[in-house]
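Quick notes on the structure that follows.
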């Protein structure tokens, strides 16, 4: 199997791509991965459109520095976000990983749109303040108490999103603690 055949077996590209023998890829357009692989297997150097890599990844190694649209890394078996893109121009989807995702280490430095995340009362959420907004989704079934906590979390995070001000991060942590969201009030 050629390198190009291996790449097109793992990824669907809506646009054009350039691939070299060092397994580096430049994509002018969108990337959609085929599920079932534990790693990307290639180093994306540039993606100008959206990138969706769902289902089975254990590591984000190989993501580009910047994604020109949405980055969807939902429903993988990640424990953290190490090797995530540093810049996501639009939305970041990290939903569907409540059983595995325990840290947001590696969270992008900038998310131009909304971070979409599934509620976990123990997931440190202060890194999401690098985004303009946060949308918290519920796991399958939740009690009224958990539902209320989710709403509190989302409202508090939205108040402080996008500022980048260290004092605001501390105020956000304090407010989360006041509402009983100690697990979310960590970096």
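Details
- Some residue of segment 64-86 being in contact with a strand residue (DSSP E or B) (Cβ under 9 Å, 6 or more places away or on another chain), modelled with pLDDT of 95 or more, surrounded by fewer than 16 Cβ atoms within 10 Å (Cβ to Cβ) and more than 15 Å from residue 158 (Cα to Cα): yes
- Residue match in segment 159-168 (condition: touching a residue at least 60 places away in the same chain (Cβ under 8 Å), within 24 Å of residue 51 (Cβ to Cβ) and out of contact with any helix residue (DSSP H, G or I) (no Cβ under 6 Å at 6 or more places or on another chain)): no
- Looking across 148, 152, one residue alone is assigned to a helix (DSSP H, G or I) and modelled with pLDDT under 95. It is 148.
- Of all residues in segment 89-99, those satisfying the criterion of being modelled with pLDDT of 95 or more and more than 9 Å from the chain's Cα centre (by Cα) are 89, 90.
- Qualifying residue in segment 115-123 (condition: touching a helix residue (DSSP H, G or I) at 6+ places or on another chain (Cβ under 6 Å) and buried (at least 19 other Cβ atoms within 10 Å of the Cβ)): yes
- Single residue of 19, 57 found to be touching a strand residue (DSSP E or B) at 6+ places or on another chain (Cβ under 9 Å) and closer than 27 Å to residue 132 by Cβ: 57
The values are calculated or read from the model by the stated rules, or taken from the named source; none is laboratory data. Treat the numbers as computed from the prediction; the structure is a model and nothing was measured. Using ideal geometry, Cβ is built from the backbone for each residue, glycine included, and neighbour counts are taken over all protein chains shown.
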